[in-house]
Amino acid sequence: MNDNQKDINLLNRIRTGDKSAYKELINRHKDYAFTVAYRILNNREDAEEVAQDAFMQVFGALQSFNAESKFTTWFYRIVFNAALMQKRKNKVESVDIENSSEAFLVSHSSDSTEDLRKNERKMAIQKALQNLSADDTTMITLFYLKELSLEEIAEITNISAETAKVKIHRARKRLAEEMKKMLNEEVRSLL
Amino acid sequence: MLTDEQIFDILDGCASKEILIQHKNLLSKSAEYKTYFEDLEAIHFDLIALPIEKPSAQFTENLLANLAYAPVKKKSWSSQLTWIFFTIMSVFFIGTISLTLFYFSSSTAAIEIPRVNNLDVINTFSTDILVKVLLLVNLIVLLAIFDKKVLKQYFLNKKMRLS
């Protein structure tokens, strides 16, 4: 049984009133839903709220789900739209310093040089992602997060596959430029 | 020099053979290209290695609790408009036919075609006010169905396209 069949099976169980299926479905997708929302919003609390809302929307609209389509595409579309709506609501963007991934990485970093170097790169990438537009971040997140196909990304973001491909290329290019800029600033501050 | 799109195609594993040959040549001949490619390659692998974020430990429990307290959604009357319309039409149709049949069968008088016009019940049904009211009700129901099935969908799609 593939992943989608498992999801459909869980949805059918939910429809028949099996309460344990809710928990299974949530546990299967909560991390990815949260990650997509978090990358767009840069705030853990907001991302958690958006992910929860997305699940509530899914459970409220089970009847409208077409069993022949892929559950994750439908679900990520709901998460993506909910996160974008939240992003628009948050006119003043603020980074939750205590809960930010930066703080998380620093607090969890080990002492080995190799780990420190890896963590530094992760931090840099995440910081660069935060400086990109929501559109660019979403494209990169969807593309790298779960190896979604271009067609699936296109369906989630309501654009054509060709446009999705161009957008992903451009987003990666902008990320590379952002990384370069950050690196230059770091070098300048050291001098 | 290859374009960024072509380099990303190489990294994604979907570049054509010609581009791959060009890429290999450039890697061995151009130091500038090699540095640029390695930068993009490093970012590509960093992105692949990006960690999946974890929500709070109480995420599932909170969500299940919210689900338990979520009010049961009753079907709004507007979602049943189609049925209301067909039910009214069916009741009206069946009622008219059965009343007509009843009065025709109980009548002992010789059946004459113009006699239909003399039936009181038929006349009552044919009064201007009743016809107007029924027409108005059906018109409202039809407009409501049109709004729900056509206009709402149209504006929802438009909103999604704009967003």
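Restricting to region B:50-92, name every residue that is at pLDDT below 90, part of a helix (DSSP H, G or I), open to solvent by 70 Å² or more (accessible area, probe 1.4 Å) and of a type in the set (A, V, I, L, M).
Answer for region B:50-92, where residues must be at pLDDT below 90, part of a helix (DSSP H, G or I), open to solvent by 70 Å² or more (accessible area, probe 1.4 Å) and of a type in the set (A, V, I, L, M): B:A68, B:M89.
Quick check: anything in region A:181-191 surrounded by 14 or more Cβ atoms within 10 Å (Cβ to Cβ), more than 11 Å from every other protein chain (Cβ to nearest Cβ) and either farther than 18 Å from A:L84 by Cβ or modelled with pLDDT of 85 or more (or both)? Spell out how you get there, then give the answer.
Applying the first criterion (surrounded by 14 or more Cβ atoms within 10 Å (Cβ to Cβ)) to region A:181-191 yields A:182.
Add one more test, that the residue is more than 11 Å from every other protein chain (Cβ to nearest Cβ), and what stays is A:182.
Keeping just the survivors that are either farther than 18 Å from A:L84 by Cβ or modelled with pLDDT of 85 or more (or both) gives A:182.
So far as region A:181-191 goes, yes, one or more of its residues are surrounded by 14 or more Cβ atoms within 10 Å (Cβ to Cβ), more than 11 Å from every other protein chain (Cβ to nearest Cβ) and either farther than 18 Å from A:L84 by Cβ or modelled with pLDDT of 85 or more (or both).
Considering only residues that are surrounded by 14 or more Cβ atoms within 10 Å (Cβ to Cβ) and under 41 Å from the mean Cα position of the chain (by Cα), which ones fall in region B:6-36?
B:Q6, B:I7, B:F8, B:D9, B:I10, B:L11, B:D12, B:A15 - these are the residues of region B:6-36 that are surrounded by 14 or more Cβ atoms within 10 Å (Cβ to Cβ) and under 41 Å from the mean Cα position of the chain (by Cα).
Scanning region B:32-51 for residues that are out of contact with any helix residue (DSSP H, G or I) (no Cβ under 8 Å at 6 or more places or on another chain) and more than 10 Å from every other protein chain (Cβ to nearest Cβ), which turns out farthest from A:L175 (Cα to Cα)?
So, considering only residues that are out of contact with any helix residue (DSSP H, G or I) (no Cβ under 8 Å at 6 or more places or on another chain) and more than 10 Å from every other protein chain (Cβ to nearest Cβ), the one farthest from A:L175 (Cα to Cα) is B:E32.
Any residue at all in region A:38-45 that is more than 10 Å from chain B (Cβ to nearest Cβ) and touching an Asp or Glu at 6+ places or on another chain (Cβ under 8 Å)?
Pass one, region A:38-45, residues more than 10 Å from chain B (Cβ to nearest Cβ): A:40-43.
With touching an Asp or Glu at 6+ places or on another chain (Cβ under 8 Å) added as a condition, the list becomes A:42-43.
Within region A:38-45, one or more residues are more than 10 Å from chain B (Cβ to nearest Cβ) and touching an Asp or Glu at 6+ places or on another chain (Cβ under 8 Å).
With respect to the numbered conditions (1) free of Cβ contacts under 8 Å to residues at least 24 places away in the same chain; (2) crowded, with 17+ Cβ neighbours inside 10 Å; (3) within 20 Å of A:L145 (Cβ to Cβ), which one is the sole condition not fulfilled by B:F45?
(2)
Quick one: in region A:136-164, which of the residues that are within 11 Å of another protein chain (Cβ to nearest Cβ) and open to solvent by 60 Å² or more (accessible area, probe 1.4 Å) is nearest to B:L40 (Cα to Cα)?
Here the answer is A:E147.
I'd like the full set of residues that are out of contact with any helix residue (DSSP H, G or I) (no Cβ under 6 Å at 6 or more places or on another chain) and buried (at least 21 other Cβ atoms within 10 Å of the Cβ), limited to region A:36-57. Please lay out each step first, then the result.
Filtering region A:36-57 for residues out of contact with any helix residue (DSSP H, G or I) (no Cβ under 6 Å at 6 or more places or on another chain) gives A:43-45, A:48-49, A:56.
Passing the criteria: A:N43, A:R44, A:E48.
Over 23 Å from A:M182 (Cα atoms) and within 14 Å of another protein chain (Cβ to nearest Cβ): is that true of B:I7 in this structure? Show your work before the answer.
Working: over 23 Å from A:M182 (Cα atoms): no; within 14 Å of another protein chain (Cβ to nearest Cβ): yes.
So B:I7 fails the test.
The values are calculated or read from the model by the stated rules, or taken from the named source; none is laboratory data. This is a predicted model, so every value here is computed, not measured. All Cβ positions, glycine included, derive from the backbone under ideal geometry; neighbour counts span all protein chains shown. Calculation scope for accessible area: heavy atoms of the full protein, side chains included, ligands and nucleic acids excluded. Shrake-Rupley method; radii C 1.70, N 1.55, O 1.52, S 1.80 Å.
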